[in-house]
Amino acid sequence: MKGSIPLSKINIHATCINYRDNGILFIGPSGSGKSDLALRMMMNKGARLVADDRTDIEKKCGRLYASCPQNISGMLEVRGIGLCHFDPCPFVFVDLAVELVPAGEKIERLPEAQTAEFCGVKIPKIRLHGFEISAIDKIILSCYQNK
């Protein structure tokens, strides 16, 4: 719509974690591994859950800020087990978007730098297969390469 004002706060289908003060936003279709990858990073790398399945994002101080809708705070859906409760991280500034793609979809070996844009803020983006064993290591490498 011509002359419309961009939304300052939106709710998206995504999972978000805080890993050593790096906000990581997992985006992708249902079943692509967003919650599973968050769980693995929480259980094995000390990450903290910000939001699962639905994430509130907004622009604050020129950065992308993520938080969780109050009614699902601290809950993570673990397939085969159900809803699990964790001590949530109330918010994080997002530093990286991880787009999870279906297993059969090809990912470039040497991709050009990519970004994702939310609320007028661009952040680095990588594309991964969420259930790949090295996915966590690739995310951690990307956190430090983008600083």
Query - Inter-centroid distance (Cα atoms) of the range 106-147 relative to the range 22-52, Å - result: 13 Å
Requested in this report: Could you pull the accessible area for ARG54 with a 1.4 Å probe, rounded to 10 Å²?
Outcome: 80 Å²
Report task. At a 1.4 Å probe radius, which order do THR115, THR55 fall into by accessible area, largest first? Result -> THR115, THR55
**Report entry** Accessible area of the range 1-127 belonging to carbon and sulfur atoms, whole % at 1.4 Å probe
**Finding:** 52 percent
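What number comes out for accessible area per residue over the chain if the probe is 1.4 Å? Units Å², please.
The answer is 58 Å² per residue.
Using packing as a proxy for protection, rank 8-18, 101-111, 132-142 so that the peptide with the highest average count of other Cβ atoms within 10 Å comes first.
The most tightly packed comes first, giving 8-18, 132-142, 101-111.
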Query raised in the report: Of CYS119, ILE139, TYR19, which is farthest on the positive side of the dipole of the chain, counting Cα position, with +1 on Lys and Arg Cβ, -1 on Asp and Glu Cβ, and the Cα centre as origin?
Result: CYS119
Report summary line: Among SER35, ILE107, ILE10, the residue whose Cα sits farthest towards the positive end of the charge dipole of the chain, when +1 is placed on the Cβ of each Lys and Arg and -1 on the Cβ of each Asp and Glu, is ILE10
Report summary line: Per its Cα gyration tensor (rounded if a/c is under 1.5, else prolate when a/b beats b/c, else oblate), the range 67-115 is best filed as oblate
Requested in this report: Please turn the phi angles of the range 82-92 into ³J(HN,Hα) values with the Karplus equation 6.51 cos²θ - 1.76 cosθ + 1.60 (θ = phi - 60°), one per residue in order, whole Hz, x for glycine and proline.
Outcome: x, 7, 10, 9, 10, 6, x, 8, x, 6, 7
Query raised in the report: When the solvent-accessible surface of protein heavy atoms is calculated with a 1.4 angstrom probe, in what order do TYR144, TYR19, TYR65 fall, highest first?
Result: TYR144, TYR65, TYR19
Query - Unit charges on C-beta of K, R, D, E only; dipole of the chain, Debye - result: 320 debye
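The values are calculated or read from the model by the stated rules, or taken from the named source; none is laboratory data. Computed from a predicted structure; not experimentally measured. FYI the Cβ positions are ideal-geometry reconstructions off the backbone, even for glycines, and counts take in every protein chain you see. Accessible surface areas use protein heavy atoms only, side chains included; no ligands, DNA or RNA. Shrake-Rupley method; radii C 1.70, N 1.55, O 1.52, S 1.80 Å.
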